[in-house]
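What follows draws every value from the coordinates through simple rules; no lab data is involved. Just so we're clear, the structure is a prediction, and the values are computed from it rather than from any experiment. When we count neighbours, we look across all protein chains shown, and the Cβ atoms used for this are built from the backbone with ideal geometry, even at glycine.
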Amino acid sequence: MSNETAEPLDVVEIGRRLREARASRNLSLDVVSAECGISPSLLSQVERGKVTPSLATLHSITQVLNIAMFDLFGSPADRPALIREGARNVIRPPDSGVSYELLSSGRLRNLQMIEMHLSAESGSFNHALSHAGEECLVVKQGAARIKVGSEEMTLRAGDSLSYVARLPHKFEGLEDDTVLIISMTPPAF
């Protein structure tokens, strides 16, 4: 079994990988930015590593390019991948109180698992996501308010929820150090 660890990449490397993905699909800045709802200038700055994109912007770009967000941080996964705690790929959007740790290898797989950490004061995903597939989550620690479509629920440690991911969904931490384990198919991050 592989004992690879991946270091978080800087914004220049993330931008390079986005630019390569866009170019390999023969898509122009104008086409991708229009589909993402951002300006071509912003997309160009992201690709050149001049700005750190918000998680929502990064998610939108990866959806248009049909790549998983963690592909920007990952390494080849054509063999079993052991991911040690403390060596996971992590996304921490600035000033959001949320972090995402990739539990699965994330590449060339039909399933993705992430550990989402939320704080009580600022731990929320600002906008609802929707994407293809299904998700199942388990509250590992703490409590969270979860909105799926028009339904809003409070889940506590040990509770689980599954739903069709095309329904808009968002999460908000109700206690400090709330931890959710989310399994999704196909990968969305």
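Structural remarks
- Theoretical gain in end-to-end length, Glu13 to Asn66 [0.36 nm per residue, Cα-Cα removed]: 17.2 nm
- Build a GNM of the chain with springs between Cα atoms under 10 Å apart, and of Asp177, Asp95, Asp71 the one that fluctuates most is Asp95.
- Counting Lys and Arg as +1 and Asp and Glu as -1 over every other residue whose Cβ lies under 13 Å from the Cβ of Ala23, the net charge comes to +3.
- Electrostatic bookkeeping for Gly173 treats Lys and Arg as +1 and Asp and Glu as -1; over the other residues with beta carbon under 11 Å from its beta carbon, the sum is -4.
- When you restrict to C-alpha pairs under 8 Å that are six or more residues apart and normalise by the size of the chain, the relative contact order lands at 20 percent.
- Springs between Cα atoms under 10 Å define the GNM used for the chain, and in it the highest mean-square fluctuation of Val31, Val139, Val12 occurs at Val31.
- Residue-span extension gain [Asp95 to Glu35] - 0.36 nm each, minus C-alpha spacing: 19.0 nm
- Which of Gly158, Gly173, His127, positive extreme of dipole for the stretch 90-189 (C-beta unit charges): His127
- Computed extension gain for Ser54 through Ala23, at 0.36 nm per residue and net of the alpha carbon distance, reaches 9.0 nm.
- Taking the Cα centre of the chain as origin and assigning +1 to Lys and Arg Cβ atoms and -1 to Asp and Glu Cβ atoms, the resulting dipole is close to 540 debye.
- Per residue of the chain, the DSSP helices (runs of n ≥ 4 H) give a summed -39500 (n - 2.57) that works out to -6500 deg cm²/dmol at 222 nm.
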